[in-house]
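The structure appears below as structure tokens.
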Amino acid sequence: MKYLQKSDPEIYQIIQNELTRQREGLEMIASENYVSPAVLAAMGTVLTNKYAEGYPDKRYYGGNEFIDQAEKLAISRAKQIFQAEHVNVQPHSGSQANAAVYLALLEPGDTVLSMSLSEGGHLTHGHKVNFSGQFYNFIHYGVNIKNGLIDFDEVRELAVKYRPKLILAGASAYPRTINFSTFKAIADEVGSYFMVDMAHIAGLVAAKLHPDPVPLADVVTATTHKTLRGPRGAIILSKNINRLEPNSKKNLAQSIDSAVFPGIQGGPLEHIIAAKAVAFKEALSPEFKNYQQQVLANAQILAQTLQDNGLELVSGGTDNHLLLIDLTNTGHSGREVESALDEVGIYANKNTIPNEQRKPTDPSGLRLGTPAITTRGLKETETKLVGELIVEVIKNIGNENIKKKVKNTVSELTKKFPLYPEIL
Ligand code: DSN
């Protein structure tokens, strides 16, 4: 960093300010995490200088001897984690990964069945403002309004009615276990491809603490920076490497690879791919499983604390790393609460809830997650305290003295769990 400090003090200072914000705050955004210093180090390397369009041993540029070694290591480690037949580690993001799968499997206008964004899905699962909703004919299922669980009767009814070419499971704000076997049975019944976007739960799947979609789905996408705790990016896992795709000379894995490059991306980010390899090595360690168990234990105590203090959770609790507060009875909106928590150094995000009656920019819910605070070292006792602080802010949203008190407690707590002490 000393080179940066000298050559560009402005950007250096902004990065330092962000480091301080991260150190002095409690990160409760369910999709965020802190990478290890080793992952961070791999990202800031000379690998960023290299063009490597193509795949290992089949590049369009010379000089890729070491780049190939890094990418092959990333692929073999990801295969080992997920017992996958084929892995593409090049997608720059979850959105790119999903775009590549659609390009590989669908023609424009084809029908896809997925969870709606407002009930827990994702923008790239066919929302009308996203490319996915503009190029393909997405039909959406949601959750049962009474219990907040995926409504499989509705999924099956829609699948039988619309005969989608692809059924997509996976969510961004669903606090419960996803039953991939039932999705697979429905996909088989109607002859659809079955895709899973496990971005949020990839770390839990890696640690075998969530049912594994990999043996069931044709294709699985995952971001690498959420529970998987790697650099910002994504991977695509695919199977059926011996089956040729309809009207194609390619098998599924080859179709996915061609869709990523040259389909939607050019040169891969090899510094990020090296950092993915480092994160995958970490995910193969016994420590990683302990970490994921603690993520779940912390989510349980957080849910319990919020409920004990009168807050309502969508679906009545959580099975995974995230939970969704229905703020309707508090008289406050998600936006108000997000901003009040921001003031005290607790970071969360406003979120729609099932059957949302408000605007998406100011919805009725707040999403919280435990991956980042768990990486930081917080266990049940501290997570319970965090839950109590969140309740205190929600119940005293306009009270500056209480918020000041909460901010001081956040500050004391974060000092006990220093973040990146090795970075000056
Ligand atoms: N933006 C991510 C999330 O917060 O869940 C999904 O891509």
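The values are calculated or read from the model by the stated rules, or taken from the named source; none is laboratory data. No experiment lies behind these values; they were computed from the predicted model shown. Note that we place each Cβ from the backbone using ideal geometry, even for glycine, and neighbour counts take in every protein chain shown. To get the accessible areas, we keep the full protein, side chains included, count just its heavy atoms, and leave off ligands, DNA and RNA. Shrake-Rupley method; radii C 1.70, N 1.55, O 1.52, S 1.80 Å.
In the range 59-147, Rg over Rh equals 1.12, where Rg is the alpha-carbon radius of gyration and Rh the Kirkwood radius from pairwise Cα distances.
Report for the chain the percent antiparallel among DSSP-assigned beta bridges with both residues inside it, nearest 5.
Values: 22 of 38 bridges.
Percent antiparallel among DSSP bridges in the chain is about 60.
Straight-line cross-link partners of residue 281 among the aspartates and glutamates, defined as a Cα under 12 Å from its Cα and at least 8 positions apart when in the same chain, are absent. Each residue of the range 7-19 is assigned a 3J(HN,Hα), and the resulting list reads 7, 9, x, 5, 5, 3, 5, 4, 5, 4, 5, 5, 4 Hz, derived from the Karplus form 6.51 cos²θ - 1.76 cosθ + 1.60 (θ = phi - 60°), x at Gly and Pro.
Projecting the Cα atoms of 366, 406, 352 onto the charge dipole of the range 351-424, computed from C-beta unit charges around the Cα centre, puts 406 farthest toward the positive end.
Computed from point charges on the beta carbon alone (+1 for Lys and Arg, -1 for Asp and Glu), the dipole magnitude for the range 164-238 about its Cα centre is near 340 Debye.
Over the range 153-291, what is the percentage of antiparallel beta bridges among all DSSP beta bridges, to the nearest 5? Don't skip to the end; give the middle numbers.
Numbers: 6 of 13 bridges.
Antiparallel bridges make up about 45 percent of those DSSP assigns within the range 153-291.
Model label sites at residue 328 and residue 396, defined 7 Å from Cα along the beta-carbon direction, differ in position by 2.9 nm.
Put simply, the C-alpha atoms of the range 170-220 give a gyration tensor, and the ellipsoid matching it has half-axes of 19, 11, 10 Å, longest first.
Considering the range 307-424, its Cα convex hull presents a mean projected area of 8.1 nm².
With the other protein chains left in place, how much accessible area per residue, in square angstrom, belongs to the range 195-319 at a 1.4 angstrom probe?
Working: 4300 Å² over 125 residues.
Per-residue value: 34 Å².
Pairwise Cα distances in the chain exceed 42 Å for 14 percent of all pairs.
Could you check how much of the accessible area of the range 194-299 is carbon and sulfur, as a whole percent, using a 1.4 Å probe? Mind dumping the intermediate values first?
Working: 1960 of 3490 Å².
Taking all protein chains in place, the range 194-299 shows 56 percent carbon and sulfur surface.
The accessible surface of the range 76-170, taken with every protein chain in place and a 1.4 Å probe, is 49 percent carbon and sulfur. Two decimals is fine: what is log10 I(q)/I(0) at q = 0.17 Å⁻¹ for the range 195-272, from a Debye sum with one equal scatterer on every Cα and no solvent? So the normalised log intensities work out to -0.75. Distance between the modelled labels on residue 41 and residue 181, one decimal in nanometres: 4.4 nm (7 Å Cα→Cβ projection). Entry note, the chain: the mean residue ellipticity at 222 nm calculated from DSSP H runs of n ≥ 4, each adding -39500 (n - 2.57), is -13500 deg cm²/dmol after division by the residues and rounding to the nearest 500.
If we count every other residue with Cβ under 11 angstrom of residue 151's Cβ, Lys/Arg +1 and Asp/Glu -1, where does the sum land? For residues surrounding residue 151, the net value is -2. Each of 30, 48, 7 was placed along the dipole of the range 1-82 (beta-carbon charges, centred on the mean Cα), and the one lying farthest toward the positive end is 48. All alpha carbon pair distances within the range 116-174 were sorted into 10 Å bins beginning at 0; the resulting P(r) in whole percents reads 23, 55, 22, 0. In the assembled protein chains, residue 58 presents an accessible area of approximately 140 Å² (probe radius 1.4 Å).
Once the range 241-344 is represented by equal point scatterers at the alpha-carbon sites, with solvent omitted, what log10 I(q)/I(0) does the Debye formula produce at q = 0.12 Å⁻¹? Values, matching the q order: -0.79. For the chain, set up a Gaussian network in which alpha carbons nearer than 10 Å are linked by springs, and say which option among 285, 76, 339 fluctuates the most. Most flexible of the set in this elastic network: 285. Nearest 5 is fine: what % of DSSP beta bridges in the range 13-156 come out antiparallel, could you say? In the range 13-156, DSSP labels about 40 percent of beta bridges as antiparallel.
Summed over the residues of the range 68-147 and divided among them, the accessible surface reaches 40 Å² per residue at a probe radius of 1.4 Å.
In percent, what relative contact order does the chain have, based on Cα pairs under 8 Å that are 6 or more apart in sequence? Walk me through the numbers on the way to the answer.
Numbers: 843 pairs, mean separation 93.4, N = 424.
It comes to 22 percent, rounded to a whole number.
Label-to-label distance for residue 80 and residue 412 is 4.5 nm, based on points extended 7 Å past Cα in the beta-carbon direction.
Each listed q (0.16 Å⁻¹) maps to a log10 I(q)/I(0) for the range 10-127, found by the Debye formula over equal Cα scatterers with no solvent: -1.15.
Legend: residue pairs 128/407; 79/165; 72/208; 208/239; 208/384, Cα-Cα distance threshold 30 Å; pairs beyond threshold, 128/407.
Carbon and sulfur atoms: what percent of the 1.4 Å accessible area of the range 340-424 do they account for? Write down the numbers at each step before the final one.
Working: 2080 of 4040 Å².
It is 52 percent, rounded to a whole number.
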